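The values are calculated or read from the model by the stated rules, or taken from the named source; none is laboratory data. Model, not experiment: these values are computed from the prediction. Positions of Cβ are backbone-derived with ideal geometry, glycine not excepted, and every protein chain shown enters the neighbour counts. All accessible areas refer to the heavy atoms of the entire protein, side chains included, with ligands and DNA or RNA removed. Shrake-Rupley method; radii C 1.70, N 1.55, O 1.52, S 1.80 Å.
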Amino acid sequence: MSHPGIHAQNHPDRAAVIMAASGETLTYGELDRQSNQLAQLFRAQGLVRGDHVALFMENQIRYMEVVWAALRSGIYLTAINSYLTAPEVAYIVDDCDARLLISSAAKAGVCAELDAGEMPKVERWLMADGLDGVGLETDASISWEAYEEVTASFPTTSVADPSPGRTMLYSSGTTGRPKGVKAPMPDHDLDMMDPRTEASMIPRFGYREDMVYLSPAPMYHAAPLAFSTPVHRVGGTVVIMEKFDATASLRAIEQYSVTHSQWVPTMFVRMLKLPEEVRAGFDLSSLEVAIHAAAPCPVPVKRTMIDWWGPVLLEYYAGTEGNGATFITSEQWLEHPGSVGAAPTGQIHICDEEGNELPPGEEGGVYFSGGGTFEYHKDPEKTAASALSGGRTTLGDIGYLDEDGYLYLTDRKAHMIISGGVNIYPREAEDVLIGHDGVADVAVFGVPDPDMGEQVKAVVQPAPGVEAGPELEQELLAFVRKHLTHFKCPKTIDFEAELPRLPTGKLYKRILRDRYWGKADSRIV
């Protein structure tokens, strides 16, 4: 276990990163040299251990060299959602105290709208893939520099004072302004892996030197970064998809003999809705591990995936906060269908509103103890609100434990609907509706009701070729009523051409909900 520099010495021509669609490759030798050059630039700019750099970039070949430049020089790296607008980017860049911003020509349209005055701590602006013809000259407040030209002048050797850095990522803002999740800087040597990662993650997911890991999600997300960097520590290859596509994902598994992969349930749903002849047309026999998380997977979806891919699905539940985690194999899940697993280390607590521990079978807030510590950057109130006595902290989810200590997630507390004094968790209706052949995506939430306070509303994205309208609405309402008690069912269904869901699988339900509550500002911030 080490870092890319060691593998560059032993296997300089081995592929560290491959872009799935184009086949563009970054070798370990190149990753080592180019990440060293950027780390040297950090030092020349005066950045020291604990300083911050921001990265606003699409999935591309240079992404991981920026990540490793930070991780080998003691820098906090904030990877920014590449789909955000200029005001949203500026808010995060300023809030994280970034002294450098690194972007790319593909994001030049957004970058051209940035105002340096909104990010006064940024000292330097670097753009990969060239500056010609991208329109950045329209904003004189920012002097963008060509990333490749600037970094090329720096040594390819390690900085004099290497030390492990860390990512500081931002919550996705489904219920308000995103907040940075800040953990303490690692205190181990650069050549060592984080002890928890080495002791649990590496053996649990079967990481090894000859692994090929497929990352179909945006790299700015916590999971792709958390699982890709250990691949480089063991000397494996990361195959990055430029963007998720159901058919292209299956093609990539076959083309690159992928052994490990990571998904979110939305991706499973989209692959399962492919025609049978398409799904059967790819050789997936190389796949040994299919990791999934980010949202609970509907039971019928996961059962069908296990039938298709075999018992290779490994699920975990955790958050950017790193305060705890659960884990479950396919075999364990078949014995505890619907569970997200048990805690391999630390302890899970189910608590009521007063912080009292609840027995198995009773729903409450899901808390962890014995895991990592964190704080929400510049938000002590939110940090305090996530904690109870005894080191118990929460991500804001609701769930329960069974008698064997396996956790079942019901929903997020922020999504709860209160209708006539009854608590309703919309995930139950969502899980039913997504199983209908006419539904491509669905969101369920509460809308105003003069008598009940809130009523249950569903917004559906019809499957391709399915016509939205009153007939489909009545068909879907009848379908969900066969599976759920009446008060959990949507009263009405509206239709949208596409729901506001990012490629990470995160649904921005607040944007939909706000329309029904008369809120004009429904941006993703």
| note | In region 344-357, anything in a loop (DSSP other than H, G, I, E, B) and open to solvent by 30 Å² or more (accessible area, probe 1.4 Å) is listed as PRO344, THR345, GLY346, ASP352, GLU353, GLU354, ASN356
| query | Looking at (1) out of contact with any Phe, Trp or Tyr (no Cβ under 9 Å at 6 or more places or on another chain); (2) at pLDDT below 90, can you tell me which one GLU475 breaks? | reply | (2)
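A quick yes/no check of all residues on (1) surrounded by 21 or more Cβ atoms within 10 Å (Cβ to Cβ); (2) in a loop (DSSP other than H, G, I, E, B):
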| position | (1), (2) |
| --- | --- |
| GLU277 | no, no |
| ASP283 | no, yes |
| LEU287 | no, yes |
| VAL301 | no, no |
| THR320 | yes, yes |
| LEU334 | no, no |
| PRO359 | no, yes |
| field | Which numbered condition THR27 misses (of (1) open to solvent by 10 Å² or more (accessible area, probe 1.4 Å); (2) closer than 16 Å to GLU65 by Cβ; (3) within 25 Å of the chain's Cα centre (by Cα)) | value | (3)
| request: Can you tell me which residue within region 61-91, out of those that are open to solvent by 10 Å² or more (accessible area, probe 1.4 Å) and β-branched (Val, Ile, Thr), is modelled with the highest pLDDT? | output: ILE61
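For every residue, the table says whether it meets (1) touching a residue at least 60 places away in the same chain (Cβ under 8 Å); (2) outside any helix (DSSP H, G or I); (3) among the β-branched types (Val, Ile, Thr); (4) open to solvent by less than 40 Å² (accessible area, probe 1.4 Å).
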| residue | (1), (2), (3), (4) |
| --- | --- |
| VAL447 | yes, yes, yes, yes |
| LYS457 | no, yes, no, yes |
| PRO464 | no, yes, no, no |
| GLU467 | no, yes, no, no |
| note | Across region 269-296, the tally of residues that are hydrophobic (A, V, I, L, M, F, W, C), out of contact with any strand residue (DSSP E or B) (no Cβ under 7 Å at 6 or more places or on another chain), closer than 28 Å to ARG427 by Cβ and without any contact (Cβ under 8 Å) to a residue 60 or more places away in the chain stands at 3
| message | Within region 125-138, take every residue that is in a loop (DSSP other than H, G, I, E, B) and surrounded by 16 or more Cβ atoms within 10 Å (Cβ to Cβ) and give me the one that is modelled with the lowest pLDDT. | response | VAL134
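Considering region 419-440 alone, what residues qualify as being open to solvent by 10 Å² or more (accessible area, probe 1.4 Å), in a strand (DSSP E or B) and either out of contact with any Gly (no Cβ under 9 Å at 6 or more places or on another chain) or among the aliphatic types (A, V, I, L, M) (or both)? Walk me through how you get there before you give the answer.
Taking region 419-440 and keeping what is open to solvent by 10 Å² or more (accessible area, probe 1.4 Å), we get 419-423, 425, 427-428, 430-432, 434-437, 440.
After this cut, where a residue has to be in a strand (DSSP E or B) as well, the list is 419, 422-423, 440.
Hits for region 419-440 are VAL422, ASN423, ALA440.
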| Which condition breaks for ALA384 when tested against (1) closer than 30 Å to VAL432 by Cβ; (2) surrounded by fewer than 18 Cβ atoms within 10 Å (Cβ to Cβ)? | (1)
| note | When ILE398 is run through (1) among the aliphatic types (A, V, I, L, M); (2) under 29 Å from THR167 (Cα atoms); (3) touching a helix residue (DSSP H, G or I) at 6+ places or on another chain (Cβ under 8 Å); (4) surrounded by fewer than 17 Cβ atoms within 10 Å (Cβ to Cβ), the failure sits at (4)
| Long-range neighbours under 6 Å by Cβ, at least six apart or interchain, first residue among the polar types (S, T, N, Q) within region 335-359, second in a loop (DSSP other than H, G, I, E, B) and open to solvent by 40 Å² or more (accessible area, probe 1.4 Å) | GLN347/GLY370
| query | Is one or more of the residues making up region 185-205 closer than 30 Å to GLU123 by Cα, open to solvent by 30 Å² or more (accessible area, probe 1.4 Å) and modelled with pLDDT of 90 or more? | reply | yes
| field | Residue among THR393, THR383 that alone is assigned to a helix (DSSP H, G or I), out of contact with any Cys (no Cβ under 9 Å at 6 or more places or on another chain), on the phi < 0 side of the Ramachandran plot and not acidic (Asp, Glu) | value | THR383
| task | Kindly establish whether GLU496 is among the charged types (D, E, K, R) and over 27 Å from SER171 (Cα atoms). | result | no
| field | Yes/no for VAL239 being among the hydrophobic types (A, V, I, L, M, F, W, C) and at pLDDT 95 or above | value | yes
| query | From the set of residues in region 469-484 that are out of contact with any strand residue (DSSP E or B) (no Cβ under 6 Å at 6 or more places or on another chain) and touching a residue at least 40 places away in the same chain (Cβ under 8 Å), which is nearest to GLU430 (Cα to Cα)? | reply | VAL480
| request: Considering each of ILE306, ILE328 in turn, give the residue that is over 21 Å from the mean Cα position of the chain (by Cα), surrounded by 15 or more Cβ atoms within 10 Å (Cβ to Cβ) and closer than 27 Å to SER228 by Cα. | output: ILE306
